[in-house]
1. Could you please rank Ser219, Ser174, Ser211, placing first whichever residue has the fewest other Cβ atoms within 10 Å of its Cβ?
2. Order of Leu164, Leu106, Leu224 from fewest to most other C-beta atoms within 10 Å?
3. Using 0.36 nm times the number of residues separating Thr70 and Ala54, minus their current alpha carbon distance, what extension gain do you get?
4. Count neighbours as other Cβ atoms within 10 Å of each site's Cβ, and list the trypsin sites (Lys or Arg not before Pro) in region 36-85 that are DSSP loop with at most 15 such neighbours.
5. Quick check: pseudo-label points 7 Å beyond the Cα along Cα→Cβ at Asp127 and Arg194, how many nm apart are they?
6. Roughly how many debye, to the nearest 20, is the charge dipole of region 37-133 about its Cα centre, given +1 on each Lys and Arg Cβ, -1 on each Asp and Glu Cβ, and no other charges?
7. What number do you get for region 37-133 when its Cα radius of gyration is normalised by 2.2 N^0.38 Å, N = residues?
8. Put +1 on the Cβ of each Lys and Arg and -1 on the Cβ of each Asp and Glu in region 37-133; which of Ala111, Gly45, Met122 then has its Cα farthest toward the positive end of the dipole?
Amino acid sequence: MQWRAVVVVVGLCVAFGSGCSLVRPKPAPPPSTGSVQVGLASWYGPGFHGKRTASGEVYDQGDLTAAHRTLPLGTRVKVTSLTNGRTVEVRINDRGPFAGNRVIDLSEAAARRLHMIGPGTMRVRVDPLGRGTHLGPDHLHARYVVQIGTFGDEARARALRDELARRFPEAHLSQMVTGSGRYVRVRLGPYDTRRTADARAAVVDRLGYPSVVMEAPPSYAATLLSDGRR
């Protein structure tokens, strides 16, 4: 009767696939859009600076943002260089990259953090952190601003700021300096809550000024231009 026992055991193994080498394990499911990714990163800068992104906001090469094919817009990710170990946290606000097997397209500022401006591309690990996650000292207790324009010509920026200041006394100028030059941004705020900033942006949009709401970290004051208004 021993041979019958063997047949029964084999039959159970086939039926349930538990602890039996005779049964081939099922393949692992494909990773979801929220899973860690490893692949090639690239960056984009001057040619796209000032243009609209997939999220509707204006691309600012000095901000820590990135383009990704599938992650929801607004998702924050940590990008780690597999070459030098450096990391940067960015917000997804655009779609791409669409070339080759690249997994993420970083802003110029983010690429500089990873020391990849020279190489152009770099092997990285991408860890999604979730929507609206604020990590690191620059994102603690963030406030919000409404951005209306970015100019290479400071005179044009001041003219727009003066025009907006007739309705919005909180209109001001901030600057950013990148490897490609100095830019002046026209903004309203800062505001303590996202709700307040969104409401102000809606008013600005109705007046015909396309705008986008952005975070203003505690270090934001250092970027303000001193002109007697702030």
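Just so you know, all these numbers are worked out from the coordinates, no wet-lab data involved. Predicted model only: the values in this text are computed from it and were never measured. In this analysis, Cβ positions are derived from the backbone assuming ideal geometry, glycine residues included, and neighbour counts consider all displayed protein chains.
1. Working: Ser219 9, Ser174 21, Ser211 24.
Going from least to most buried by this count: Ser219, Ser174, Ser211.
2. Numbers: Leu164 22, Leu106 27, Leu224 15.
Least to most surrounded, the residues fall as Leu224, Leu164, Leu106.
3. Values: separation 16, 0.36 × 16 = 5.76 nm, distance 1.19 nm.
Contour length minus Cα-Cα distance gives 4.6 nm.
4. Working: sites: Lys51, Arg52, Arg69, Arg76, Lys78; in loops: Lys51, Arg69.
Those that pass, being in a loop and sparsely packed, are Lys51, Arg69.
5. 2.2 nm
6. Working: 14 positive and 8 negative charges, 45 e Å.
With only Lys, Arg, Asp and Glu charged at Cβ, the dipole is about 220 debye.
7. Numbers: Rg = 11.8 Å, N = 97, 2.2 N^0.38 = 12.5 Å.
That works out to 0.94 for region 37-133.
8. Met122
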